[in-house]
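Participant: Please find one structure pasted underneath; my questions will follow.
Where a number appears in this text, it was derived from the coordinates with a stated rule and is not lab data. A quick note: this is a predicted structure, and the numbers were derived from the prediction, not measured.
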Amino acid sequence: MIQAGTAAYYRATLALCLGSFIVFANLYITQPLFPLLRELFSLSALEATWSLSLAMLTLGISLLVYGPLSDSLGRRRIMLLTLGGASVLTLLIPLVDSYAGILGLRMLQGLLLGGVPAIAIAYMGDEFERPALLLAVGLYISANSLGGIGGRLIGGSMTDLAGWQSAFYLLGGVSLLGVVLFAKLLPPSQQFQPRPLRLSTMINDLGGHLKNPLLIIAYLIGGLNFFIFSNQYSYVTYVLSDAPFHLAPTWLGLLFLTYLSGTLSSAVSGKISLRISPPLCILGGILILMLGTLATLNQSLTGIIGGLLINSFGFFICHSICSAWVNRQALHARASASSLYLLFYYLGASAGGLYLDPFWQAARWPGVVVGSLLVFTVTAALAILLYYRQRTPEPATATPALPE
């Protein structure tokens, strides 16, 4: 088992963080381009978000395949192949000249981008000792936020400098170099125990996880939080690209530097959860999300950025701890359990725009705030329920499952 502080720990953690960065940079590159896409292809505000939401949708669906597949075939090879394929598709997107063509490639890319998120935490669960796992998961998820920032910065700044196509060429090239480093750094699996690949087994594993109340509540919290958080950023780009702000794509990309507060909270979440009950940590993160959402009602640029910083800090506490919680509560087929969590997570994000759009149409940004708070109230109630459920004796499927 890989112990914290060893050379193997740093190599594996760095490789998985690099893979995470590549995935989320490629996923989120279009988000600061929504106002440009709306104008370039004569789209509605909701249609412009499809370049991200459809990729999230197919990413979420793919998780149902990669998790069980890796339980049978192994973790490392699948992560490597999917990262490489997704990076090549990034280079192909600028070659199409229709929005339908872009959406088609983005949907295919989403299918490939699911490889690392579906498997990375399961790889850690196999190979890392428990203290190392808790620390590594926080660092891995902090790389999620850094990847999202990097993709958005490249998308916004390169679009202003040399056109939107150049952003995809640059990110595709950087991603392929990253895949080479990933292959060199990530140690081969030593503790992985393959399971026969049977459809009935896959269905039984997924069904078993969905019958575990301590997992299903975490799935709902993660999915509903991201349902709102991701799409708040989508709609705020329209706020800041219109009067009185008129921000260009470069500045809209810089807006996502607010994710850095989430990078910080992800990195420390593991240590916090060792001292405070994880459901209470999740509840605290949701309350921070509600506070940040209210802060954005101060319709100055400073107020909006401050609110988004608060939101990011709270959201990534919830996401980091929910991810680790799911791995701890699954006694078997951990990749399948993590895949289900991420399925809820990305399906939530892909559908959140449909939910928030009527609020946007009715009252613009204040309407988005109202719609957001309604959902966060639900997730706060679920976190309280999770706290009381974990204190109730559960069957063996609900006990922690990390290797000692």
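Participant: How compact is the range 287-381 by the rule of thumb for globular proteins, expressed as Cα Rg over 2.2 N^0.38 Å?
Facilitator: Against the empirical 2.2 N^0.38 Å value, I get 1.25 for the range 287-381.
Participant: For the range 193-237, what value does the Rg/Rh ratio take when both radii are computed over Cα atoms and Rh is the Kirkwood radius, given to two decimals?
Facilitator: 1.24
Participant: If you project the alpha carbons of the range 225-376 onto the principal axes, what extent comes out on each, in Å, largest first?
Facilitator: 53, 28, 28
Participant: Per residue, what volume in Å³ does the Cα convex hull of the range 125-273 take up?
Facilitator: Roughly 173 Å³ of hull volume per residue.
Participant: Here is a follow-up. Rounded to a whole number, what is D in µm²/s for the range 223-265 from Stokes-Einstein with the Kirkwood radius over alpha-carbon pairs (20 °C, 1.002 mPa s)?
Facilitator: 189
Participant: Based on the alpha-carbon gyration tensor of the range 49-98 and its eigenvalue square roots a ≥ b ≥ c, which shape applies: rounded if a/c is under 1.5, prolate if not and a/b is larger than b/c, or oblate?
Facilitator: It is oblate, given that a/c is not under 1.5 and a/b is not larger than b/c.
Participant: To the nearest 500 deg cm²/dmol, what mean residue ellipticity at 222 nm is calculated for the chain from DSSP H runs of n ≥ 4 alone, each contributing -39,500 (n - 2.57), summed and divided by the residues?
Facilitator: Rounded to the nearest 500, it is -27500 deg cm²/dmol.
Participant: Still on this structure, I have one more. Determine Rg/Rh for the range 1-85; Rg is computed over alpha-carbon atoms and Rh is the Kirkwood hydrodynamic estimate from the same atoms.
Facilitator: Answer for the range 1-85: 1.13.
Participant: In whole Å, what is the distance between the alpha-carbon centres of the range 84-160 and the range 311-379?
Facilitator: The distance from the Cα centre of the range 84-160 to that of the range 311-379 comes to 18 Å.
Participant: Tell me, how many Å apart are the Cα centres for the range 181-200 and for the range 1-18?
Facilitator: 16
Participant: State whether the chain is rounded, prolate or oblate according to the following rule on the C-alpha gyration tensor (a ≥ b ≥ c being the square roots of its eigenvalues): a/c under 1.5 gives rounded; otherwise a/b larger than b/c gives prolate, and the remaining case gives oblate.
Facilitator: oblate
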